[in-house]
């Protein structure tokens, strides 16, 4: 099975359908993924970039971003790097006034029974920080 690593702009064209040609191409590849003809890989860094671009450039609210990103997890042949941690981070992100990156940091620390060294007041309130 062929594997494709997806770039942020490729995923955006599929989500936004703002370029007809690019939407059609990306839709075909995602459909091939659904049909288990190809394997699609999304790196965690791409997820962070999706969040940033959707919120800053396209003015999506946090709930819309979480919905879009969560949808990517249900395609059987889409492998998202660090998926378990990202899902935990999305849960934190939905309910807290933190960035997705800070939510991911919290999820990583929590999963590893670790503390976070930070001066960020919002992140400090959520987690036990380094002494």
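Kindly evaluate residue 92 against the criterion of being in the same structural domain as residue 121 (by TED's automatic domain parsing), within 25 Å of residue 121 (Cα to Cα), touching a residue at least 24 places away in the same chain (Cβ under 8 Å) and surrounded by 15 or more Cβ atoms within 10 Å (Cβ to Cβ). Talk me through it step by step, then tell me what you get.
Values: in the same structural domain as residue 121 (by TED's automatic domain parsing): yes; within 25 Å of residue 121 (Cα to Cα): yes; touching a residue at least 24 places away in the same chain (Cβ under 8 Å): yes; surrounded by 15 or more Cβ atoms within 10 Å (Cβ to Cβ): yes.
It is true that residue 92 is in the same structural domain as residue 121 (by TED's automatic domain parsing), within 25 Å of residue 121 (Cα to Cα), touching a residue at least 24 places away in the same chain (Cβ under 8 Å) and surrounded by 15 or more Cβ atoms within 10 Å (Cβ to Cβ).
Hey, can you tell me all the residues within region 47-89 that are part of a loop (DSSP other than H, G, I, E, B), farther than 24 Å from residue 32 by Cα and touching a residue at least 40 places away in the same chain (Cβ under 8 Å)?
Residues of region 47-89 that are part of a loop (DSSP other than H, G, I, E, B), as a first pass: 57-61, 73-77, 81-82.
Remaining after also requiring farther than 24 Å from residue 32 by Cα: 57-61.
Once the filter is applied, which keeps residues that are part of a loop (DSSP other than H, G, I, E, B), farther than 24 Å from residue 32 by Cα and touching a residue at least 40 places away in the same chain (Cβ under 8 Å), region 47-89 yields only 58.
Could you list all residues from region 31-46 that are surrounded by fewer than 17 Cβ atoms within 10 Å (Cβ to Cβ), at pLDDT 95 or above and not in a helix (DSSP H, G or I)?
Selection gives 41, 43.
Cβ-Cβ under 8 Å, sequence separation 6+ or interchain: first residue in region 33-44 and assigned by TED's automatic domain parsing to the domain that holds residue 73 and in contact (Cβ under 8 Å) with a residue 12 or more places away in the chain, partner loosely packed, with under 14 Cβ neighbours inside 10 Å and in a loop (DSSP other than H, G, I, E, B). Which pairs?
If the second residue must be loosely packed, with under 14 Cβ neighbours inside 10 Å and in a loop (DSSP other than H, G, I, E, B), the pairs left are 33/76; 34/76; 36/1; 36/76; 37/1; 38/1; 39/1.
Of the numbered conditions (1) more than 19 Å from residue 98 (Cβ to Cβ); (2) crowded, with 16+ Cβ neighbours inside 10 Å; (3) without any contact (Cβ under 8 Å) to a residue 12 or more places away in the chain, residue 28 fails exactly one; give the number of that condition.
Result: residue 28 passes all but (2).
In this structure, is residue 20 loosely packed, with under 13 Cβ neighbours inside 10 Å and within 26 Å of residue 1 (Cβ to Cβ)? If you could, list the steps in order and put the result at the bottom.
Values: loosely packed, with under 13 Cβ neighbours inside 10 Å: yes; within 26 Å of residue 1 (Cβ to Cβ): no.
No; evaluated as a whole, the condition is false for this residue.
The values are calculated or read from the model by the stated rules, or taken from the named source; none is laboratory data. Treat the numbers as computed from the prediction; the structure is a model and nothing was measured. For neighbour counting, all protein chains shown are included, and Cβ atoms are generated from backbone atoms with ideal geometry for every residue, glycine included.
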